[in-house]
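The values are calculated or read from the model by the stated rules, or taken from the named source; none is laboratory data. Being a predicted model, the structure only gives us computed values, none of them experimental. Cβ: placed from backbone, ideal geometry, glycine included. Neighbour counts: every protein chain shown.
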Amino acid sequence: MYSMNFSAAIVRRAEAAGFEAIVLSVDIPVAGKRRENVRNKFALSDDIEIFSLPKTFSISEKESAFVHVDEILDQSMTWEDLKWLHSVTKLPIILKGIMCPEDAKLAIEYGAQAIFVSNHGGRQLDSVLPT
């Protein structure tokens, strides 16, 4: 999850856009190593923005568009963060990335309205089996 202030801003934006639920990915503690994008210096043109990248980050032509992702991800997410997310929105919250029955039960206990069993096909974390 992103920092709380940044997450709250994204939630407000989703609500204003008429979204009907929030999907929170809980299976990405760090950004994936997109070596091809870094090697190829993948970048967006100046007229395209990454909606979830804070405007405080600028991306030069020499950088990959993903270079700042780890700086805005909070790797310390806990079940309490789900409670906090409920405090900033009335939208249903769906957790994506639940991989075991114990976590599915906890997700419901902490107020998730649904879960997606997923781990990005195992490509985000090398030691995880694909779902």
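Sub-6 Å Cβ pairs linking a first residue in the stretch 9-23 that is in a loop (DSSP other than H, G, I, E, B) to a second residue that is modelled with pLDDT of 95 or more, at least 6 apart or interchain, are ALA21/LEU91; ALA21/PRO92; ALA21/ILE94, ordered by first then second residue. For the stretch 9-54, taking the residues that are farther than 22 Å from ILE98 by Cβ and modelled with pLDDT of 90 or more, the one that is surrounded by the most Cβ atoms within 10 Å (Cβ to Cβ) is identified as GLU15.
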